[in-house]
Amino acid sequence: MNHKSKFGLQKQHFHIDQFEDRIVMTANPLGEMAVVPEIVMPHLAQQGDLIQFSNDQFNLNDLRAQYGLDGKGQTVAVIDSGIAWDHYALGGGFGSGNKVVGGWDFAENDANPYDDGPAGFHGTHVSGIVASTDSTYTGVAPGADLVGLRVFTDQGQGKIEWVEQALQWVHDHKEAFANPITTVNLSLGTAWNNQTVPNWATLEDELAQLKADGIFISVAAGNAFAQYNTTGLSYPAVSPSVVPVASENADGSMSGFSQRDSRVLVAPGENIRSTVPDHLFSGMKTGQFLGASGTSMAAPYVAGASVLLREAYEFMGEENIDQTKLYNTFLANADKKFDAVTGGWYSHLNLDKAIAAVMHDDYGNTWNNTTNIGSLATSTSIAGTITTIDDVDTFSFTASQSGRVTLAFETTHSLQAVVKLAGDNMQTDGNQVSFDVVAGTQYKFSVATADGTGHYHMGVGLQANSHATQVGPANYQVLNGQNISGEKLYAINAERSGILTVLGTNANSNMQVLVLNSNQNVIANATMANGQLRVDCNIKDGETCFIKVIGNGSVDLTMLNLVSLKNGVLDVVGTNGNDQISLDKSNGVKVSINSIEYQFESSQVRVININGNGGNDFLSTT
């Protein structure tokens, strides 16, 4: 392990049980910065202590699992005291293919920004808050890569020119790694408390350039509120080109030490347990976690949050994502809380609301509020998104013809689409799902996920029954010379409620005619009389029925749906052509239309309505 040798432990700055440090840079005429004690910062908790990492406070583990976000594909530059990259929760290595993909030590001017100075630990702790992969003390964006830019000496002294060089380095190397640098964390500051930048500020050009690059710059607001006792920010937190971050405690109220201003985002900053290097434990293998407090801990929380929010925007296909868009989204969805000390209202980060605002869902999610795609005749397509692991998109349609519907999926990201059909069965074959439909019937189905989230493009196709001849409206159809070999199926659609009559003439005596309902269950059988097969049954408006003819040979088929009897009212409706209609009441009520007769008892009929419809019709009465 090629660690750099550092000087001895500075007992006046910290020890294992108590640590008084803020990594605060104080400007002097020479432009140098020195780490100085400032408000008691953390209790460095031993591993057995019950200090929990504050992502539990915001249910970050559930949030990441719900949306499938972890920061993968982005790199965060941590400008600090370096990174103990051999910590297992930070990847255990350095360079390409590792979690800490690169960096630079500006204090010693070499390419190994390892955090092993006596005054070190801070950069490693910050890095763990951003991206630790430990299962218990997980970083906000555990999938993100890290770049370590060391701007402090072994004794914790820094130069503002090193910070300036580090910012320029980020601009020059923003596309130099497998995943672009999208975020910078600056958990450092100078002795300053104001709403404007100091006249000695030298970082403005570099900060403005990174903002123009679209990079999110999270900066600790400062820890000297008790000293100044008024609103204001440290520098560079006060720069208009950055996002200043204040600290809150476990109950969500502003930390007493935190500097604050109307621009700040407030995030967890007290008792944050995170990664630390081995030198705090007398050279033990790096793999320890200790608690610390400060706006230094809140800033990387927001840095990691910006990584997840950017990932959410990219997931939804958003382009031109920059600091302004991310910051405004955080502000619009923040929890506004009153601070009695300053009498001001501040924006406390609510990452769940911010991501939910981006990962919107355009479709219904229950069987009662399905998105209706209308009447399905042949094919259509739907583009949708499963934004969370429990997201469900529900759809409904009405089949315009009987047949089989196939849903064919293309998905993105890690989405494994699952389809359910309300009240019916279906078959799955790879990325396709299919089920039978009947004309005029409404169907409902849902799209969810078996694992992962992502977008889907769904082709919805309806293939008419290949084994059923589509006849059309059942009003009056004549099909002569139908050749039957075994059996043949005909699909007809009812346009009115009433009697469906099917006649088979010139048929072999061994032929059968059956009427089937929309589920193809037999509802009536034909009987042979006077040399013809005839079946009568009642059907409903909009219903699809099937006529099955069984046998061998030729047959002439007539299908008629022009007569109905309901509540004593007999309705006879002609076709658009020339119809022959007769009415005979000499013995009951007998009505005939185009030579097809119907017989009713007189007691059944109170009123007779005859509508010739179109054409030249002939009516005879007896």
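Inspect region 388-410 for any residue being surrounded by 13 or more Cβ atoms within 10 Å (Cβ to Cβ), part of a strand (DSSP E or B), of a type in the set (Lys, Arg) and within 21 Å of the chain's Cα centre (by Cα) and give the result as yes or no. Within region 388-410 (the criterion being surrounded by 13 or more Cβ atoms within 10 Å (Cβ to Cβ), part of a strand (DSSP E or B), of a type in the set (Lys, Arg) and within 21 Å of the chain's Cα centre (by Cα)), the answer is no, since none of the residues qualifies. Condition (residue is within 19 Å of the chain's Cα centre (by Cα), among the hydrophobic types (A, V, I, L, M, F, W, C) and open to solvent by less than 20 Å² (accessible area, probe 1.4 Å)) applied to region 368-383: is it met by at least one residue? Looking through region 368-383, at least one residue is within 19 Å of the chain's Cα centre (by Cα), among the hydrophobic types (A, V, I, L, M, F, W, C) and open to solvent by less than 20 Å² (accessible area, probe 1.4 Å).
Select from region 457-508 the residues that are under 30 Å from VAL358 (Cβ atoms) and surrounded by fewer than 20 Cβ atoms within 10 Å (Cβ to Cβ) and write down the one among them that is farthest from the chain's Cα centre (by Cα). Spell out the reasoning first.
Just the residues of region 457-508 that are under 30 Å from VAL358 (Cβ atoms), to begin with: 457-460.
The next check asks that each one be surrounded by fewer than 20 Cβ atoms within 10 Å (Cβ to Cβ); those that pass are 457, 459-460.
On the way: HIS457: 14, GLY459: 20, VAL460: 21 Å.
In this case the residue turns out to be VAL460.
Selection within region 418-463: residues that are in a loop (DSSP other than H, G, I, E, B) and hydrophobic (A, V, I, L, M, F, W, C). The member of this set that is modelled with the highest pLDDT is ALA422.
Only one of the listed residues (ASN425, ASN525) is of a type in the set (S, T, N, Q), closer than 30 Å to LEU557 by Cα and open to solvent by 20 Å² or more (accessible area, probe 1.4 Å). That residue is ASN525.
Every residue, every condition in (1) modelled with pLDDT of 95 or more; (2) closer than 22 Å to LEU349 by Cβ; (3) among the acidic types (Asp, Glu), yes or no:
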position	(1), (2), (3)
GLU175	yes, no, yes
PRO180	yes, no, no
THR196	yes, no, no
GLU204	yes, no, yes
LYS211	yes, yes, no
PHE216	yes, yes, no
GLN227	no, no, no
THR230	yes, no, no
PRO236	yes, yes, no
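The single condition among (1) open to solvent by less than 10 Å² (accessible area, probe 1.4 Å); (2) hydroxyl-bearing (Ser, Thr, Tyr); (3) within 37 Å of the chain's Cα centre (by Cα) that TYR88 does not satisfy is (1). Residue count for region 428-439 under the criterion of being in contact with a strand residue (DSSP E or B) (Cβ under 7 Å, 6 or more places away or on another chain) and open to solvent by 50 Å² or more (accessible area, probe 1.4 Å): the result is 3. Of the strands (runs of 3 or more DSSP E) that lie entirely inside region 566-622, those containing 1 or more residues that are open to solvent by 20 Å² or more (accessible area, probe 1.4 Å), touching a residue at least 60 places away in the same chain (Cβ under 8 Å) and within 23 Å of ILE539 (Cα to Cα) span 569-573.
Quick one: how many residues across region 165-180 are within 39 Å of the chain's Cα centre (by Cα), touching a residue at least 12 places away in the same chain (Cβ under 8 Å) and open to solvent by 10 Å² or more (accessible area, probe 1.4 Å)?
Step one: of region 165-180, the residues within 39 Å of the chain's Cα centre (by Cα) are 166-180.
Next, only the ones that are touching a residue at least 12 places away in the same chain (Cβ under 8 Å) stay: 166-171, 173-174, 176-180.
After this cut, where a residue has to be open to solvent by 10 Å² or more (accessible area, probe 1.4 Å) as well, the list is 168-169, 171, 173-174, 176-180.
The qualifying residues number 10.
The values are calculated or read from the model by the stated rules, or taken from the named source; none is laboratory data. What you see is a predicted model, and the numbers here were worked out from it, not measured in a lab. Positions of Cβ are generated from backbone atoms using ideal geometry, with glycine treated the same way; all protein chains shown enter the neighbour counts. To get the accessible areas, we keep the full protein, side chains included, count just its heavy atoms, and leave off ligands, DNA and RNA. Shrake-Rupley method; radii C 1.70, N 1.55, O 1.52, S 1.80 Å.
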